[in-house]
Each structure stands twice: as structure tokens, then as C-alpha cells.
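These notes are about the structure you will find just below.
The values are calculated or read from the model by the stated rules, or taken from the named source; none is laboratory data. None of the values given here were measured: they were computed from a predicted structure. For neighbour counting, all protein chains shown are included, and Cβ atoms are generated from backbone atoms with ideal geometry for every residue, glycine included. Protein only, heavy atoms only, side chains kept; ligands, DNA and RNA dropped before computing areas. Shrake-Rupley method; radii C 1.70, N 1.55, O 1.52, S 1.80 Å.
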Amino acid sequence: MSASTPPPGIRVAGDTNVGSVRTTNEDSMIVDPLRGLYVVLDGMGGANAGDIASQMARDAIAEFVMHRRSTMTHRQLLEGAIQAGSATVFAAAQAKRERHGMGTTCVACMMIDPARALIAHVGDSRAYLLRGGRLQLLTRDHTIVEELVDRGLLSPDEAERHPYKNVLSRNLGARAETRVDLVELELKPGDRLLLCSDGLYGYASAEAIQYILGSGDAPDHVARDLIELALRGGGGDNVTTIVLEAPQAVPSGTQMVRTNGAVAWWQRRQRFLHVAKDRGLTKNPIVRGLDPSEALDLVGLSLCQAIFHDLEKSTGVNVWTFAQTLAGGWFERGGDWASLRGMMDILGTSSRVVVDEIRMIDPQLGFLLDIAVSRALVVAELALGGLLAERLRQVDTDLIQLHSAQQETIDGTIEAPDESDTEVGGPTADKFIDRPTIPFLHPDRAITNSGESNEVITAIEKTLTIARARTSPRAELVKQVLSALEAIATDGGGNFATSVLAARDLYGIRTVDDNGIMPLFDALDQARILTASSVHQIQVPELVRARALRAISAAHQRLVGAATGLVLEAAAPFTDKLREAQAKTSELRDQVAKAEKRRAELERKFATGVDPSLPWGSRGTTEW
Amino acid sequence: MSDRDMSAAVQVLRDEVLDTVEHGDRDPPGAEVFDALLRALSIGGESVPGLDLTLHESVARRLAWGDSEEVVLQDAELMFDRLLVAVDRAFRDPADRMVVVEAATQVAVTVARVVSLAAVSRAARDRADRLREEMSQRQLHEVLEKQKATIARLEADLKSGFR
């Protein structure tokens, strides 16, 4: 059988990363959907020879497949290509002294047809199959220890602890010819294949790989997430992943939305604009001064495009950007909230009308689009929420500054202020925020550092300076936490206002989900670990050290409480909206029940000619 | 002081830190946080996953019994404030105080993380529920429209005497 063009419907993506420790990437890969060839190579050998080996083998394999694919069977073609790669690397290693000993591993997949794949490998790069949610290893590492286990000379437990467990018994480049293991695989709809270098499985558990591979995300996301997983596990080696997905038997809901749904939506853009115009889009103050057709293009068509692109890619980024741009521009011009709300309502209801019309024609697609478009509109609402939070924070800061300036003016006009009116070292900000914006964070809670000596304050500053110096340059959020801790812990007049403002700064614009929240708490935790270890490095008496740690810890606790309060505040509107929706549904149910009762009465009357509501039961003569 | 001794020494402060008198044989507010602190001290070091899991359970139980996330966090804050005062008084050696304060901060961050995650999960559930409610509303509207049309037709037929 000769090699054919790649089967349709297969989705594939590959990604590679140098890792967190190494400076050069010695991995290479081939992702060639046209020829159905996918290869991961992991080079080895000192003096920059590893990357040369893997690249040489990659080029040789690709060239061999390109020129011989019409004359050989798949099995001959793949094995021959790998042998060609080995011969090329071996010849190059022999030619130059400094390249002696270079080589590369190789795991390759060649698609025979949509339901069959051929896997070949040499070395310890691996191929995995995910079927029915279960991860299976398709290859066996070619290491000396594995071969000893095969021969019964070592137990698997001993192999795990063996000092030479990573020494390869085969690779491309050690000899001109190498032994290639080949396995042919029947693929089922939805199966996923993973080709990877040891930089992945050496730094990530099989369970985690299985979880991400089975997540249902697109292969490009999965390939990237797997690399992220390895980096989080330490990233001690170069890491390369290729993910292939066999075609689905039946298109999933997501696929339907991405293809038919997006097209159906885009085809009805004129209808959307028409409905939006009817509902008053062109009269909204946001587009005042614009020609109606220009207003429709600028706002309506932009949203239409954003929704289309988000449907196509199953993301929310375009609608998010649209909402932020619209609201950001409006607020910058000094616009009000009511107009923006009105505009969003018009856009929301218009899109629902369009989706309902699609639903009339194709109920299944309409149902899926209903969910997807609702999701897009929720994303827009979240973007608006983020902007509002940002503005609120700005208003807080402005008001505090205004109040401080005003207070200074008042203080300046009073020559001898009354002692009883003066708080000990309290900045005016504390007086200003007399009501907490976070319900459970009370300003009357004990001031954690009142009366701390200068020695302790200096110790706090030194501790946090050391902690900052030990923070990774990229960990901006951790540095921000450390600065906030210093501000709170050294705030002699109490730390309520400081902690609220610092928490608002840290919170920034976040989405109310795990991805939005977790980095914040990771940074808080990281800062805690850094301060706890840094405090032991300052040269002060033990008692001062303990006081400093106490003040920092109390500040930390304040900051964490305030940050959590903001998360809870952000989450609260979801519950309120749900309650409103439930009340409305309940009201509608009552109306339906009443109408049903009325209909039943009328039908009975229609059938019998007797109005059951009349006491005498005669033929109906009642006027309705 | 060993980890075990330290845990036992803090255990003595339980009645001082928590409102045990008011709550009799029931767990007083913040008890789950105090217990988490004892666990953190007894393992003597970083074990966030273990701490997270047990705290998740305790906090989830409180939320299930109807306490809000705000109340859970407020109780934890109160416990933390009282603990700082009690530790200053109870431990003479500054090094011992530091061990307890470090552990307490670890627990405070973990509690905040757990409570935030609970709130975020609730928000996600509420958002999904709201979408379902809105879908139901649309269906109910359709039903209502059909019913109104039927009623109008029946009323018209009856009025015209058509049977």
C-alpha cells in the first residue's frame, strides 16, 4: 500500500518548549498533516550537538517521506525514514570530533487512513493513546534497565531505583542502522494520540496527562496545556508534545456551534442590525451624533463579528474586548451607566430574537446557539463588571485624596487642635472610610501594630526587602503583595483603609472563576512563605524578630480577608440575578397555570354547552 | 519544642480563643480553623494539599448547614485576632510564638482560598442556573402565547354560538 494524502477530519497540533532550566531546545518535531506524518525527536550529546542531531534526523525523515511516499508501503516508508535519519546523524557524528556520541530519540506516527495509524519509535520518547477516558502507553522505552527487566534480570521495583534507568539502549545516530519498533493501531472515533519527549512524562504524572488529554479541549490547547503542566512540574528538560484526534463519529455540540452555528449567526447579521435598530440602538446616547448606518456598523456589526469569531473558536475573548472597548470609550468620554446598560440590553434582546428565529428553522442548532450566545453575553457582562470595579477603585482613591486635601486645609486653619479629636498617628483615610466596603472587615478590629517600636518597624521593612529581593522577576503579583504587606504592617495609625485599598489594587480586574482567582491566592501564599523564611535572615534580637513576624502575619491576614471579601462581593450578583430569574419563572408558571385552567373551562363549556361557573347549569348564554 | 508538644500547648488555648462557653457541646464558630491550625502544627511544615482537603470538608459542612461564606471568614478572622493575643501571653520563648504565628498565617491563607473557591463555584452554579431559568422562561412564554390564542379562539367561537 502506498502512502496517501492525510485523512480528513483529523485534528492535530504540536508545541515545544525549552523548559525552565535549559538554555537550548534539543527537541524537534514534524507536524505535517499533508503527508499524515507526525514526529517528536529528543536530541542528546554535549557541546550543542543534541539540537543538531534532532534537527538532522528531522530533516532526513521529512525528506525521505516526501520523495519515497509514492513507491513504498506505509510500514516500509516510516521504518526507512527513521533509518535514513539514523544514518544521517551517524555520518555527521563521525565527520566531526566534537559531535561524537550525538544522537536522538524518535517517536513517529503516520496516518494510514482515518481509522488506522502506524506508530514507530526508538529511544525513550513515547506515544500514548487516550480511549474512553483511559490513557494507555503504546511504546516501551528503549533503556538498558527496561531490557534487563525484559530478560528477567531486574524486577520493575529495582528498575525504578536503578542508577542507569535513563541510559538509552537504542537511539538514532549511535549506529548507521538501528532497530525500529513498529505498531499498527486501529483508531476509534474520538481517540486521541499523544507523542511526547521525556520532558513531559518526567515532570508530570500519568493521571495529570490523562486528565488534560481527556479534557475535550482542542488539540492546540491540549498540546499547550501539557507543556504548561511539565513546566509547573519543574520543567527540568525540553518538552515537546503532539496531539492527534481521530474524527468524531457524530459532530459534538461544540463542533456544531463552531461550524453551522457560527455561519447561521453570521448569515443573519442584517436581521440582527434591523432588530437592533427597531429597538432603538441608533437613538442611544452612546452613538449620538453618528449617522444611523454608521452607528449600526460601529456597535451592532462589531458585536455581530465578535460573537461570530467567538462562536467559531469557542472563546469569549472577542466579545470581552468589544464590551471593554465600548464601555471604556464611553466612560472615558464621561458617559453614564444607564446609557451603557440600555445599549447592552438592546444588543442582548436583539441577539435573542435572531437566535429564536434560527431555532424555528433548526431547533437543535437553535438550542445550542441559544446557550453559546447567552454565554457570549455573559462574558460581555463580566467585562463590564470588571470595568466598573476598576472605576469604583479609582473613585475610592480620588475621594480619599480629596478628603485628605480637605482635611489638611481644615487642620491648617485651626491653630490649636483639640487633643480629643486627634487620633494617634491616624491618617485621614481611616476616618474617611468609616463604613467598610467589605461587610465583615470592620474598621474597629484591633490595630495590629499600634505602639510598635521603630526597631520592629525597621525589622519589618528589612524582612520585606529581603523577601522582595528573593522574588522571581516575573512574579509581579507577589511583589505587589509584599509591598502591600509593608504598607499595612508599618501603617502606624491602623490598617483598615490601607488593607482595603491594597486588596482592591491586587484584585484588579478579575473574572469570577478559578483562573481569575487562583493566581491571587497563589501570590498571597507565595508571599507568606517568602516572608516567613526572610524574617529569619535579619540580624535582630529574637524578640524583635517575633514582633516583626507577628505584625507581618496580622497584615497578611488582613490583606487576605480583604481580598476574599472582594471575591465574595464579585460573586454576590450572580446569586441576586438567579433569585430574580427564579421569581420571574415562578410568576410565569402561575400565569400558565391560570391560563390552563381558563382554557380547560372553556373547552369543557365548548364540549357540553354548559358553563360550569354558572350555578344553574343551563346552556351557556353568558356573555364573555 | 517538638511539633507534638507545640500542638498540645496551643490546644490548651482552645477555650480562650474560641467561644466554647456559649456553644456548649457544639463546635464553636471558628473551630474548624483552630483544628486546622493544630493539624498544621502537628505536621510541622508545609502541607497545603492535606490542609486544603480537610478544611474544604469543614468549610463545605458549615456552608451546607446554612452559614454564609462571609460568616465563615469572619469567624476565622476573629479566631486569628484572639490567637495572636493568647500566643503573646502564653508562650515565653519568641521562637515558639513565631512557629504558631507562621502556622496560623498559613491556615488563614488556606481558609481564604477555600472560602473564595466555594464562592466562585457557587457563582458558576448560579450563573448556569440563571441561564436554565431564562430558557424555561422563554418556553413558558411560548406556552402562554399559545394558551392565550386558544382561549381567544374558544371565546370567539362561544360568543358566535358556533359549536
In segment A:321-365, how many are farther than 11 Å from A:I286 by Cα, open to solvent by 30 Å² or more (accessible area, probe 1.4 Å) and not hydrophobic (A, V, I, L, M, F, W, C)? 13
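Looking at segment A:121-141, is at least one residue among the hydrophobic types (A, V, I, L, M, F, W, C), open to solvent by 10 Å² or more (accessible area, probe 1.4 Å), more than 21 Å from A:L200 (Cβ to Cβ) and touching a residue at least 12 places away in the same chain (Cβ under 8 Å)? Before the answer, list the steps.
Restricting attention to segment A:121-141, the residues satisfying the condition of being among the hydrophobic types (A, V, I, L, M, F, W, C) are A:122, A:127, A:129-130, A:135, A:137-138.
Right, trim to open to solvent by 10 Å² or more (accessible area, probe 1.4 Å) and you get A:130, A:135, A:137-138.
Then drop every residue that is not more than 21 Å from A:L200 (Cβ to Cβ), which leaves none.
Looking for residues that are among the hydrophobic types (A, V, I, L, M, F, W, C), open to solvent by 10 Å² or more (accessible area, probe 1.4 Å), more than 21 Å from A:L200 (Cβ to Cβ) and touching a residue at least 12 places away in the same chain (Cβ under 8 Å), one finds none in segment A:121-141, hence no.
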Looking only at segment A:27-44, which residues are open to solvent by 30 Å² or more (accessible area, probe 1.4 Å) and over 30 Å from A:G9 (Cβ atoms)? A:M44
Residues in segment A:375-390 that are in contact with a Lys or Arg (Cβ under 8 Å, 6 or more places away or on another chain) and either outside any helix (DSSP H, G or I) or at pLDDT 80 or above (or both): how many? 1
Need the failing condition index for A:E245 against (1) open to solvent by 20 Å² or more (accessible area, probe 1.4 Å); (2) modelled with pLDDT of 85 or more; (3) among the acidic types (D, E), just the number. (1)
Quickly run through segment B:67-80 and pick out the residues that are over 17 Å from A:L485 (Cβ atoms), assigned to a helix (DSSP H, G or I) and not polar (S, T, N, Q). B:E69, B:E70, B:V71, B:V72, B:L73, B:D75, B:A76, B:L78, B:M79
I'd like the full set of residues that are open to solvent by less than 30 Å² (accessible area, probe 1.4 Å) and among the polar types (S, T, N, Q), limited to segment A:538-553. A:S553
Kindly indicate whether any position in segment A:445-468 is modelled with pLDDT under 80, of a type outside the set (A, V, I, L, M, F, W, C) and within 18 Å of A:T397 (Cβ to Cβ). no
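Tally up the residues in segment A:564-584 that are touching a Leu at 6+ places or on another chain (Cβ under 7 Å) and either at the interface with another protein chain (Cβ under 7 Å from one of its Cβ atoms) or among the β-branched types (V, I, T) (or both), please. Step through it out loud before you land on a result.
First pass over segment A:564-584, keeping only residues touching a Leu at 6+ places or on another chain (Cβ under 7 Å): A:564-565.
Okay, now just the ones that are also either at the interface with another protein chain (Cβ under 7 Å from one of its Cβ atoms) or among the β-branched types (V, I, T) (or both), so A:564.
Of the residues in segment A:564-584, 1 are touching a Leu at 6+ places or on another chain (Cβ under 7 Å) and either at the interface with another protein chain (Cβ under 7 Å from one of its Cβ atoms) or among the β-branched types (V, I, T) (or both).
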Testing B:K159 on (1) open to solvent by 30 Å² or more (accessible area, probe 1.4 Å); (2) facing chain A (nearest Cβ under 9 Å); (3) under 18 Å from A:E381 (Cβ atoms), one condition comes back false. Which one is that? (3)
Say we look at segment A:142-161 and pick out the residues that are within 39 Å of the chain's Cα centre (by Cα), surrounded by 17 or more Cβ atoms within 10 Å (Cβ to Cβ) and not β-branched (V, I, T); which of these is farthest from A:T241 (Cα to Cα)? A:A159
B:Q137 passes all but one of (1) of a type outside the set (V, I, T); (2) open to solvent by less than 30 Å² (accessible area, probe 1.4 Å); (3) more than 7 Å from every other protein chain (Cβ to nearest Cβ); (4) within 22 Å of A:D576 (Cα to Cα); which number fails? (3)
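If you check A:D225 against the conditions, is it within 23 Å of the chain's Cα centre (by Cα), of a type in the set (D, E) and surrounded by fewer than 16 Cβ atoms within 10 Å (Cβ to Cβ)? If you could, list the steps in order and put the result at the bottom.
Working: within 23 Å of the chain's Cα centre (by Cα): yes; of a type in the set (D, E): yes; surrounded by fewer than 16 Cβ atoms within 10 Å (Cβ to Cβ): no.
So A:D225 fails the test.
Would you check if B:A103 is more than 7 Å from every other protein chain (Cβ to nearest Cβ), open to solvent by less than 50 Å² (accessible area, probe 1.4 Å) and small (G, A, S)?
On the way: more than 7 Å from every other protein chain (Cβ to nearest Cβ): yes; open to solvent by less than 50 Å² (accessible area, probe 1.4 Å): yes; small (G, A, S): yes.
Criteria met by B:A103.
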Could you give me the residue pairs with C-beta distances under 8 Å whose first residue belongs to segment A:295-318 and is closer than 16 Å to A:R279 by Cα, whose second residue is among the polar types (S, T, N, Q) and in a helix (DSSP H, G or I) wherever it lies, and which are 6+ apart or on separate chains? A:A295/A:T282; A:L296/A:T282; A:G300/A:S350; A:L303/A:S351
Across segment B:85-100, what is the number of residues that are open to solvent by 10 Å² or more (accessible area, probe 1.4 Å) and either at positive phi or assigned to a helix (DSSP H, G or I) (or both)? 9
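Checking the condition part of a helix (DSSP H, G or I), more than 8 Å from every other protein chain (Cβ to nearest Cβ) and open to solvent by less than 30 Å² (accessible area, probe 1.4 Å), which residue from A:A532, A:A595, A:A523, A:A600 passes? Spell out the reasoning first.
Numbers: A:A532 fails: more than 8 Å from every other protein chain (Cβ to nearest Cβ); A:A595 fails: more than 8 Å from every other protein chain (Cβ to nearest Cβ); A:A600 fails: open to solvent by less than 30 Å² (accessible area, probe 1.4 Å).
Unique residue meeting the criteria: A:A523.
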Selected residue (only one of B:A128, B:A149, B:A108, B:A124 is within 30 Å of A:T349 (Cα to Cα), at the interface with another protein chain (Cβ under 7 Å from one of its Cβ atoms) and modelled with pLDDT of 85 or more): B:A124
For segment B:56-68, check the following and say yes or no: at least one residue is more than 9 Å from chain A (Cβ to nearest Cβ) and touching an Asp or Glu at 6+ places or on another chain (Cβ under 6 Å). yes
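Which of the residues that make up segment A:61-78 are surrounded by fewer than 20 Cβ atoms within 10 Å (Cβ to Cβ) and under 19 Å from A:S125 (Cβ atoms)? Can you show your working first?
Looking only at segment A:61-78, we keep the residues that are surrounded by fewer than 20 Cβ atoms within 10 Å (Cβ to Cβ), and these are A:62-63, A:66-73, A:75-76.
The answer is A:A62, and nothing else.
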Candidates A:I361, A:I371, A:I410, filtered to the one that is within 12 Å of chain B (Cβ to nearest Cβ) and either at pLDDT 80 or above or more than 30 Å from A:A338 (Cα to Cα) (or both): A:I371
